[in-house]
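K.L.:
My structure is below; once you've seen it, I'll send some questions.
The values are calculated or read from the model by the stated rules, or taken from the named source; none is laboratory data. Only a predicted model underlies this, so the values are computations on that prediction, with no experimental measurement involved. A quick note on method: Cβ atoms are made from the backbone with ideal geometry, for glycine too, and the neighbour counts reach across all protein chains shown. The accessibility values were calculated without ligands, DNA or RNA, using every heavy atom of the protein model including side chains. Shrake-Rupley method; radii C 1.70, N 1.55, O 1.52, S 1.80 Å.
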Amino acid sequence: MNALTRSNQFPSLIETFRMNSPLGREINDFFSQSTQAPNSVPAVNVAEHTDGFRIEVAAPGLKKEDFKLSLNHTNLTISAYQENKTEEKPNEKYTRREFSYSSFQRTFMLPNSVDVDQIRATYTDGILSIEIPKREEAKPKPPRQIEIGG
C-alpha cells in the first residue's frame with residue numbers, strides 16, 4: 001500500500017479537527033468561501049400549472065442575446081455566455097486589465113406530456129421565463145357524467 005492511499009484512508013489530526021469541531025468547521029467554511037469562485041449557476045424555479053410548466057431563471061445583468069435555448073429530444077438546455085470588456089481609451093496605458101467572463105448551463109428533462117413545438121421564452125427584468133405547454137391529451141379534463149346504456 002502506498003502513502004497516498006493510506007493518507008486518504010486515515011485522515012490526519014488536522015483534517016479531523018477541521019471536520020469534527022465547530023471552530024474547525026467555521027475556519028474551513030471561511031477559507032472555502034474566500035478561495036472559491038462565486039456560484040455562477042443562477043437560481044431556477046419550476047412551476048406546474050393546468051396548461052403546462054414554467055421555468056424561471058434568475059439572471060439579472062444579462063441580455064436576451066446572451067441566452068441560448070436548445071432542445072434535444074426531451075432535454076431542454078438553457079445556457080448563457082457573457083463577456084464584459086473594458087474599452088481602451090486613447091492615450092491610456094493599462095498596468096492591469098481584468099476581463100470578466102461568465103457562463104452557465106442547465107439541462108432539464110421534459111416529460112413526454114409537453115408540446116415541444118409550442119415552447120416560448122421571454123426575458124424581462126432579469127428573469128428568463130420559459131413556458132412549456134402540455135399537449136391537449138395530457139391536460140386535466142373536467143368532470144363529466146357518463147350515460148348508462150341499456
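K.L.:
Across segment 74-92, what is the total count of residues that are without any contact (Cβ under 8 Å) to a residue 40 or more places away in the chain, assigned to a loop (DSSP other than H, G, I, E, B) and either open to solvent by less than 60 Å² (accessible area, probe 1.4 Å) or closer than 27 Å to Pro60 by Cα (or both)?
P.N.:
4
K.L.:
Follow-up. State all residues of segment 52-73 that are open to solvent by less than 80 Å² (accessible area, probe 1.4 Å) and part of a loop (DSSP other than H, G, I, E, B); if no residue qualifies, say none.
P.N.:
Hits for segment 52-73 are Ala59, Gly61, Leu62.
K.L.:
Same structure, new question: Could you please find all residues in segment 93-140 being open to solvent by less than 50 Å² (accessible area, probe 1.4 Å) and assigned to a helix (DSSP H, G or I)?
P.N.:
Ala138 - this is the single residue of segment 93-140 that is open to solvent by less than 50 Å² (accessible area, probe 1.4 Å) and assigned to a helix (DSSP H, G or I).
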